[in-house]
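Below: one structure in structure tokens.
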Amino acid sequence: MASSAKKLKDQVGLTGNSAVALAMKQINPDVCPAYPITPSTAVIETFSDYFANGEVDTEFITVESEHSAMSACVGASAAGARVMTATSSQGLALMWEVLYIASGMRFPIVMATVNRALSSPINIHCDHSDSMGARDSGWIQIYSETVQEAYDNMFQAIRIAEDKRVLTPAMVCMDGFITSHAIENLTLATDAEVKGFVGDYTPEHSLLDTDNPVTMGAMTMPDSYMNFKFEQSNAIAGAKEVVVEIGKEYGKLTGREYGLLDCYNLEDADVAIVVLSSAAGTTKAAVDELRKEGKKVGVLRPRLYRPFPHQEIAEALKGIGAVCVLDRADSMSGFGGPLFTDIRSALYGIENAPLVMGRIFGLGGRDFNVANAKEVFEETFKALEAGKIEKTTGYITI
């Protein structure tokens, strides 16, 4: 009875933006440089309230642009601070140059990225063109399906990024105006639990440690630049193991364990949809309806997109007859979206590989509902029955 009462006490209704801001408050970073942009504005607004009310010890820096925000993140991290920020869309695009500097210098900055379409034409609603454009910038990318997961991912991202085996910046992504503005019931961790989980950050090097001087961001020539990139590549690839370790540790603390993938009814599925973030919830609802009709369908939702868990994805989809990969971004390559090309590559050459097709959906916030998901499953079943893909890539709901 006491356990049940505690659970009710710790549950609260919050939007995704409010939940992420609360997670930042509980983490209490040393520095937060920020320039608000829709739909992540409320993250920074709410956190600035915590700062103004003296509820955090953070040095909150208001800057003149998102480029300046990430530049200040880099400077603060070089000085040895634990650093967090948030952005969306054009704001992330304006940070582009500095994203590569942050990752190349191995600074464990954590940023909430509230996904929104990139211009042009201007649009303030959700798709993944912003974070997908930054997918190869050397940042870890974790995608959240729900408000609860976005909240939980913030704590895990701090631990992952700061792990000595990783030391790589991380984005926690959630869908703008879908997860960011929807109120969901979630279970909170206590401040003491968060403090115990994230611990204190002790940098290996700091520009302020004058007794142990270091050089950061120096000029490199061909004889050394590639060596730096080799080490950086190995570190981010190895982050997969750290993500799993920390997900299990977080599960012991909260009862909510996270891995690399979320597999839903895949064990006996004939066909499956692969999709990121909130659309996975819609697709799961379609799975439940189709399962009642006796159709064996499932969903694979990658939580971690960078580094890409290619081996784990291949294992999860092995033996399934046909797969449709849904992208909320177009790579403008003439060959589908980025998730589709990565999934198809992961499945290439494995035994019992499924037929794979890709469809682009939901750009600029276009609705994706249960009926749409069922239509995709129907098309995927037709490919399975025919034994071939008639149309490898394309758009839906046009």
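The values are calculated or read from the model by the stated rules, or taken from the named source; none is laboratory data. Computed from a prediction, not measured in an experiment: that's the story for all the values here. Glycine gets a Cβ as well: all are built from the backbone with ideal geometry, and neighbour counts include every protein chain shown.
Just the residues that are within 18 Å of the chain's Cα centre (by Cα) and either aliphatic (A, V, I, L, M) or not assigned by TED's automatic domain parsing to the domain that holds Ile160 (or both), please, taken from region 236-255.
Selection gives Ile236, Ala237, Ala239, Val242, Val243, Val244, Ile246.
So which helices (runs of 4 or more DSSP H) stay within region 41-119 end to end and still have 3 or more residues that are more than 22 Å from the chain's Cα centre (by Cα) and closer than 24 Å to Ala19 by Cβ?
Once the helices (runs of 4 or more DSSP H) in region 41-119 are filtered for at least 3 residues that are more than 22 Å from the chain's Cα centre (by Cα) and closer than 24 Å to Ala19 by Cβ, what remains is 41-52.
Would you check which residues across region 144-165 are buried (at least 24 other Cβ atoms within 10 Å of the Cβ) and over 18 Å from Asn28 (Cα atoms) and list them?
Scanning region 144-165 gives Ser144, Val147, Glu149.
Would you mind finding the one in Ile236, Ile246 that is touching a strand residue (DSSP E or B) at 6+ places or on another chain (Cβ under 9 Å), closer than 17 Å to Tyr305 by Cα and either at pLDDT 95 or above or polar (S, T, N, Q) (or both)?
Being touching a strand residue (DSSP E or B) at 6+ places or on another chain (Cβ under 9 Å), closer than 17 Å to Tyr305 by Cα and either at pLDDT 95 or above or polar (S, T, N, Q) (or both) holds for just one of Ile236, Ile246, which is Ile236.
On to the next question. Can you run down the residue pairs with Cβ atoms below 8 Å, 6 or more apart or on separate chains, where the first is in region 348-372 and of a type in the set (Phe, Trp, Tyr) and the partner is surrounded by fewer than 19 Cβ atoms within 10 Å (Cβ to Cβ)?
Phe361/Tyr395; Phe361/Ile396; Phe361/Thr397; Phe368/Thr397
Further, regarding this structure: Please give the helices (runs of 4 or more DSSP H) falling wholly within region 286-398 in which 3 or more residues are at pLDDT below 95 and farther than 26 Å from Leu260 by Cα.
Because the criterion is at least 3 residues that are at pLDDT below 95 and farther than 26 Å from Leu260 by Cα, no helices (runs of 4 or more DSSP H) in region 286-398 meet it.
Hey, Arg301 hits all of (1) touching a residue at least 12 places away in the same chain (Cβ under 8 Å); (2) in contact with a Gly (Cβ under 8 Å, 6 or more places away or on another chain); (3) not polar (S, T, N, Q) but one; which does it fall short on?
(2)
Restricting attention to region 257-269, and to residues there that are over 18 Å from the mean Cα position of the chain (by Cα) and surrounded by fewer than 18 Cβ atoms within 10 Å (Cβ to Cβ), which single residue is nearest to Gly298 (Cα to Cα)?
Asn265
Go through region 330-347 residue by residue and tally those that are without any contact (Cβ under 8 Å) to a residue 24 or more places away in the chain and either in contact with a strand residue (DSSP E or B) (Cβ under 8 Å, 6 or more places away or on another chain) or surrounded by 19 or more Cβ atoms within 10 Å (Cβ to Cβ) (or both).
Summing the residues that are without any contact (Cβ under 8 Å) to a residue 24 or more places away in the chain and either in contact with a strand residue (DSSP E or B) (Cβ under 8 Å, 6 or more places away or on another chain) or surrounded by 19 or more Cβ atoms within 10 Å (Cβ to Cβ) (or both) in region 330-347 gives 2.
Restricting to region 265-286, count the residues that are without any contact (Cβ under 8 Å) to a residue 40 or more places away in the chain and within 27 Å of Phe177 (Cβ to Cβ).
The qualifying residues number 1.
With respect to Arg159, determine if the residue is in the same structural domain as Thr220 (by TED's automatic domain parsing), within 25 Å of Asp262 (Cα to Cα) and assigned to a helix (DSSP H, G or I).
So Arg159 fits the description; yes.
Sticking with this structure for a sec: Can you find, within region 168-207, the residue that is surrounded by the fewest Cβ atoms within 10 Å (Cβ to Cβ) among those that are touching a Phe, Trp or Tyr at 6+ places or on another chain (Cβ under 8 Å) and assigned to a loop (DSSP other than H, G, I, E, B)?
My answer is Leu188.
Just wondering, is there one or more residues in region 27-42 that are of a type outside the set (A, V, I, L, M) and closer than 13 Å to Leu188 by Cα?
No - not one qualifying residue is present in region 27-42.
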